Amino acid sequence: MTERIIISGSGGQGIILLGKILAEAAMRGNKHVTWMPSYGVEVRGGTAYCMVIISDEEIGSPCINKADTLIVMNAPSYEKFQSRIKKKGLLVINSSLVIQKPENTTYTVDYPFTDIAVELGNIKVANMVALGCFLAKKKIFDKELVLNTLEEIAPPGKKDLVAINKQAVLKGASLIQKE
């Protein structure tokens, strides 16, 4: 099993954190993993992205030409990365901010992650709602591993956000379970 994931959105949407949590959970699940963030000058407002590869075997390069999964959290990210997903890959779209729909045969999951995060009480957890959707759809590893990782890697000053992040992951997973 090898899963190549590109995650993209606006700086400040927690794109790098989403990738880091996936990578950390994969390592804790005894998988080989690479995590390559790109945020440089694109911090708040610009397009931030990361590439995560999770595999049962050693990984030769952290770069992804064609992704098995593309998670896009805003329209500019969709425009920038839509050509980087495999023909039958999974496209996870934040429909709160992305109106375009793919024209190819890509399998698409689109939910209003930002709107759901607002309903949960914190717009900043839209990334975790997307993560929950991805986990429920791909079933690479158990979501409990991710929930435990969230708790364990939270910095001391952010421990109060663990509960809402967990709630957001579970909400995202429940969207797929209703399909």
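The values are calculated or read from the model by the stated rules, or taken from the named source; none is laboratory data. Quick caveat, the model's predicted, so the values are computed rather than measured. Glycine also receives a Cβ, built like all others from the backbone with ideal geometry; neighbour counts cover every protein chain displayed. Areas reflect the complete protein model, heavy atoms only, side chains present, ligands, DNA and RNA absent. Shrake-Rupley method; radii C 1.70, N 1.55, O 1.52, S 1.80 Å.
Can you name the condition, by its number, that E119 falls short on among (1) within 16 Å of the chain's Cα centre (by Cα); (2) among the acidic types (D, E); (3) exposed (fewer than 13 other Cβ atoms within 10 Å of the Cβ)?
That leaves (1) as the condition not met.
Report, by residue number, each residue of the stretch 150-161 that is in contact (Cβ under 8 Å) with a residue 12 or more places away in the chain and open to solvent by 20 Å² or more (accessible area, probe 1.4 Å). Lay out the reasoning, then the answer.
Taking the stretch 150-161 and keeping what is in contact (Cβ under 8 Å) with a residue 12 or more places away in the chain, we get 150-151, 153, 161.
Answer for the stretch 150-161, where residues must be in contact (Cβ under 8 Å) with a residue 12 or more places away in the chain and open to solvent by 20 Å² or more (accessible area, probe 1.4 Å): E151, I153, L161.
Can you find a residue in the stretch 14-30 that is outside any helix (DSSP H, G or I), among the small types (G, A, S) and buried (at least 23 other Cβ atoms within 10 Å of the Cβ)? Break it down stepwise before answering.
First pass over the stretch 14-30, keeping only residues outside any helix (DSSP H, G or I): 14, 29-30.
From what is left, the residues that are among the small types (G, A, S) are 14, 29.
Checking which are buried (at least 23 other Cβ atoms within 10 Å of the Cβ) leaves us with 14.
Yes, the stretch 14-30 contains a residue that is outside any helix (DSSP H, G or I), among the small types (G, A, S) and buried (at least 23 other Cβ atoms within 10 Å of the Cβ).
Can you tell me how many residues within the stretch 72-93 are under 15 Å from K137 (Cα atoms) and out of contact with any Asp or Glu (no Cβ under 6 Å at 6 or more places or on another chain)?
Summing the residues that are under 15 Å from K137 (Cα atoms) and out of contact with any Asp or Glu (no Cβ under 6 Å at 6 or more places or on another chain) in the stretch 72-93 gives 4.
Exactly one condition in (1) under 17 Å from the mean Cα position of the chain (by Cα); (2) within 23 Å of R4 (Cα to Cα); (3) touching a residue at least 12 places away in the same chain (Cβ under 8 Å) is false for S174; which is it?
Going through (1) under 17 Å from the mean Cα position of the chain (by Cα); (2) within 23 Å of R4 (Cα to Cα); (3) touching a residue at least 12 places away in the same chain (Cβ under 8 Å) one by one, S174 breaks only (2).
Please work out which residue is surrounded by the fewest Cβ atoms within 10 Å (Cβ to Cβ), limiting yourself to the stretch 31-40 and to residues that are outside any loop (DSSP other than H, G, I, E, B) and of a type outside the set (S, T, N, Q).
From the stretch 31-40, those outside any loop (DSSP other than H, G, I, E, B) are 32-38, 40; that's our starting set.
Applying the additional criterion that residues be of a type outside the set (S, T, N, Q) yields 32-33, 35-37, 40.
Values: H32: 14, V33: 19, W35: 20, M36: 16, P37: 17, G40: 9.
Checking each candidate, the answer is G40.
Considering only residues that are among the small types (G, A, S) and open to solvent by less than 50 Å² (accessible area, probe 1.4 Å), which ones fall in the stretch 49-66?
Going through the stretch 49-66, the residues among the small types (G, A, S) turn out to be 55, 60-61.
Matches in the stretch 49-66: S55 only.
Can you confirm whether T114 is part of a helix (DSSP H, G or I), open to solvent by 10 Å² or more (accessible area, probe 1.4 Å) and hydroxyl-bearing (S, T, Y)? Break it down into steps so the answer makes sense when it comes.
Numbers: part of a helix (DSSP H, G or I): yes; open to solvent by 10 Å² or more (accessible area, probe 1.4 Å): yes; hydroxyl-bearing (S, T, Y): yes.
Criteria met by T114.
Looking at the stretch 58-81, which of its residues are assigned to a helix (DSSP H, G or I) and more than 23 Å from M128 (Cβ to Cβ)?
So the first thing to find is which residues in the stretch 58-81 are assigned to a helix (DSSP H, G or I), and the list is 75-81.
The answer is E79, and nothing else.
Out of all the residues in the stretch 2-13, which are open to solvent by 20 Å² or more (accessible area, probe 1.4 Å) and either at pLDDT 90 or above or polar (S, T, N, Q) (or both)?
In the first step, residues of the stretch 2-13 are kept if they are open to solvent by 20 Å² or more (accessible area, probe 1.4 Å); the result is 2, 4, 10, 12-13.
Matches in the stretch 2-13: T2, R4, S10, Q13.
Given the conditions (1) under 20 Å from K171 (Cα atoms); (2) at pLDDT 90 or above, which single one is not true for A75?
(1)
Being open to solvent by less than 60 Å² (accessible area, probe 1.4 Å) and touching an Asp or Glu at 6+ places or on another chain (Cβ under 7 Å) is the requirement here; does T69 meet it? Full working, then the answer.
Numbers: open to solvent by less than 60 Å² (accessible area, probe 1.4 Å): yes; touching an Asp or Glu at 6+ places or on another chain (Cβ under 7 Å): yes.
The answer is yes for T69.
Out of the residues in the stretch 72-107 that are in contact with a Leu (Cβ under 8 Å, 6 or more places away or on another chain) and open to solvent by 40 Å² or more (accessible area, probe 1.4 Å), which is farthest from I7 (Cα to Cα)?
Going through the stretch 72-107, the residues in contact with a Leu (Cβ under 8 Å, 6 or more places away or on another chain) turn out to be 72-75, 81-82, 84-85, 89-92, 102, 106-107.
The next check asks that each one be open to solvent by 40 Å² or more (accessible area, probe 1.4 Å); those that pass are 82, 84, 107.
On the way: Q82: 11, R84: 11, Y107: 16 Å.
Only one residue fits best here, namely Y107.
Looking only at residues in the stretch 129-149 that are open to solvent by less than 50 Å² (accessible area, probe 1.4 Å) and farther than 21 Å from I53 by Cβ, which one is modelled with the lowest pLDDT? Even if it seems obvious, please write down each step before you answer.
Of the stretch 129-149, the ones open to solvent by less than 50 Å² (accessible area, probe 1.4 Å) are 129-136, 140-141, 145-147, 149.
Next, from what is left, pick out any that are farther than 21 Å from I53 by Cβ: 129, 147.
Details: V129: 97, L147: 94.
Ranking the candidates gives L147 first.
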